[in-house]
Amino acid sequence: PAGQAAPSGAPTEAPSEAPPGPAAGLPSDAGPEAAPERTIAEEAAELSRTALRRVADELEAFWSRAQRVPNTLALAVRAFEADVLVSAGLDMVRVLVAAYGGLILMRIVVAHLRRRLGDRAREAGYSRTLLLRLITTALDVVTIPLALFLGLFALAFLQGGLDEMTPNQQLFANAFIVVELTRAALRFLLSPHTVSLRILPVSDRGAQSLWRISQVAAYLIGYGQFLIVPVVSDGISIFVGRAVSSVLGALVVLILILYVVARRREVASWLRGPEPEDGDGAIRALFDWMGDRWHWPVLAYLAFLFAVVLTRPGNVLLPLLWVTAQIA
């Protein structure tokens, strides 16, 4: 009844209160859809801050790796202080002679066919020349494993069968295949000794110059990364092997840098070409300016490769060169 007091000890109920919130029918500002949208300027500023942080982190990491370069060089020197390379070299002399002896023999066998293909390409158009170049490259590719097989077959009589091959000799056989296949690909592009089969518009002197420098790189990378580095890693330690890999890669890039510097004027002259009889002088001047400075971006990229290869452990040069080939 109204006004009647509650019995003693009985719980009393507090008056219920409605939860705080917006009035019915009014829009709420608590939802995510009501958050203020970021302007384009704010988004650009955030992207800039993120990019700067990433650049700073990369520079800090690069500086940290660069400080370890003297230690890398010291580890690489250890590979030549031990007798591991000397003993491995003596172990591989026989298979080296056998493999390249077989390669010379196979090239003598196919030399007549290569000359005939070169003669047919003298009066051929570009498409036919490309086809003949592909045929000669196929001959090169086929002769490489055959040459190795002949060499190892001859070697089997000298050391009592192929089962007696040492791990170092097996490493040499694998590196031989890699190096010679690389040389076959380079020969396909440059054709340094058969101008009629050349598919690139390069002079004899230019093709032979590129051929020589590419051979140096192929031998250093192929036999260095697939033969010397595994031998050092197994014979001394994996850390010394990684250091040797980095030093060999940096040496290849350094040779390419010196080559670009030495040939910059000849390549610039080749890029400029003959003077046109007519045309836009301003555009021609721009192209000439770019051609005279072709080595600037090339040297910048090679300097980047040099820094990356020397400051990162292991063989990073081959993946970088593969990416470079894909871009080209």
(request) Give, as ranges by residue number, the residues of the range 233-256 whose backbone N falls under 14 Å from the point 7 Å along Cα→Cβ of residue 328. (result) 253, 256
(message) If you count only protein heavy atoms and use a 1.4 Å probe, how large is the accessible surface of residue 204, to the nearest 10 Å²?
(response) 80 Å²
(request) Figure the gain on full extension for residue 203 and residue 86 (residue separation times 0.36 nm, minus the Cα-Cα span) and round it to one decimal in nm. (result) 38.0 nm
(request) Quote the accessible area belonging to residue 301 in square angstrom, nearest 10, computed with a 1.4 Å probe and with ligands, DNA and RNA left uncounted. (result) 80 Å²
(message) Between residue 104 and residue 285, what is 0.36 nm times their sequence separation minus the Cα-Cα distance? Round to one decimal in nm.
(response) 60.2 nm
(message) Not counting ligands, DNA or RNA, and with a 1.4 Å probe, what is residue 254's accessible surface area in Å² rounded to the nearest 10?
(response) 70 Å²
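The values are calculated or read from the model by the stated rules, or taken from the named source; none is laboratory data. Note that this is a predicted model, so its numbers are computed, not measured. Cβ coordinates were reconstructed from backbone atoms using ideal geometry, including for glycine residues, and neighbour counts include every protein chain displayed. Just the protein is used for accessible areas: all its heavy atoms, side chains included, with ligands, DNA and RNA removed. Shrake-Rupley method; radii C 1.70, N 1.55, O 1.52, S 1.80 Å.
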